[in-house]
1. With a point put 7 Å past each Cα toward its Cβ, work out how far GLU70 is from ASN208 in nm, to one decimal.
2. Starting from the Cα of LYS199, draw a straight line to each of the aspartates and glutamates and keep only those under 14 Å, dropping any in the same chain fewer than 8 residues away.
3. Zone of SER104 (label point 7 Å along Cα→Cβ, backbone N under 19 Å): which residues in segment 20-39?
4. By per-residue mean of other Cβ atoms within 10 Å, what is the highest-first order of 72-80, 34-42, 135-143?
5. What's the extension gain from SER57 to ASP224 if we count 0.36 nm per residue and subtract their Cα-Cα distance?
6. Fewest to most neighbouring Cβ within 10 Å: what's the order for ILE216, ILE103?
7. Amide H of VAL17: which non-local residues (sequence gap of 5 or more, or other chain) have their own amide H closer than 5 Å, using H built in the peptide plane?
8. Distance in nm between label sites at ILE43 and ILE188, each 7 Å beyond Cα in the beta-carbon direction?
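Please treat every number below as a calculation from the coordinates, not as lab data. Treat the numbers as computed from the prediction; the structure is a model and nothing was measured. A quick note on method: Cβ atoms are made from the backbone with ideal geometry, for glycine too, and the neighbour counts reach across all protein chains shown.
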Amino acid sequence: MGVLNKFVDFIKGDRTVKSIKEKDHYLTITENFSDRSLKFNGITYSRLNNNSIYTGSYWDYFTPLPSLYENPSILMIGLGGGTIYHQLKKIYGKDVDIRVVEISEKVINLAEDFLGYNFNKSDIIVDDGSKVVKREKDRYDVVILDAYNETYIPKAFLTDSFIEDSFEALKDSGILAINFALSAKNMIYYNRYLNMLGKHFKVYRISNGNLLGNVIILCTKKMDKNEINKRIHERYENVSENKHVIDGYLSMRN
C-alpha cells in the first residue's frame, strides 16, 4: 500500500480486519467508525456505510434500476465486495431476481467476509461474465457491468462483441449499466467506448460532476432519460440519504 493510502487510512482511523496477499496483489478489509471497505492493492472496490444502505458514492447510482421494472431480473458482472448486490437485496428483497457472475471464488469468499453473511448460492455464478452474456437471449431487464482488474475494465468487456451480446441478453426495454473509472490515461478509449455503445443503445452518463472519477454509463434499448426519471419519481424511495442519486439521474447527460 502506498504512503498516501496509509496516511488517509490513519486519518480516518481505519483498522485492518483481514488481509490476503497473493503473488501480484493483496486484498484487505478495513473498517472505521463510519464505514467498512474492501481494497485491492489499496484501491477501494467496495464500501458499506455503517449507518445507511447508501454509501454516498457511485455504487448508489445502480439502486434505482430495479424500480424501473415490474418483477425485475438483474445480471451483475463482477462482485467485488458485494456492495451493489447487498444494496439491491436490502432495498428490494424478494421483489428482485439477481444473478451475479464472478470469475474468482476467492473474491466470493472474501465478499462474504466483507458483508458478514453467506450468499444464496443460487445467486452466484462462478464464470466469465462475457461468456455468460453470450449464452443469454432476451432474459434480463438490467445488466450491470462492474468488473475490474485493478483500475481497468477487462478487455473482453470493451469489445463490440460484448456490447452486441449484452443487447441480445436484455429484454426489449432493458438497460446495460456500466461503472467506468475515468482517468486521464483512458480518456481517449472512454470516448471511443461511448461511440461503440451508441451504435446499439441510447447512451446517458451519470457522475458526481467531477471531470474524472467513476462514471455510470446507462445504455438503454428504448427508454429515454425522461421516461427513466418519471419511473424513478413514481417508484423509487425518496429519502435524505439518496438525494444525490435522484439529483444524478435528473442531471444525466448524453
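1. The answer from the label model is 3.8 nm.
2. Within reach: ASP160, GLU164, ASP165, GLU168.
3. It comes to 20-31, 37-39, nothing else.
4. Working: 72-80: 24.0, 34-42: 19.2, 135-143: 17.6.
Result, highest mean Cβ count within 10 Å first: 72-80, 34-42, 135-143.
5. On the way: separation 167, 0.36 × 167 = 60.12 nm, distance 2.38 nm.
Taking SER57 through ASP224 to full extension adds about 57.7 nm, to one decimal.
6. On the way: ILE216 24, ILE103 18.
Going from least to most buried by this count: ILE103, ILE216.
7. Those lying under 5 Å, H to H, from VAL17 are ILE29, THR30, GLU31.
8. About 2.0 nm, to one decimal.
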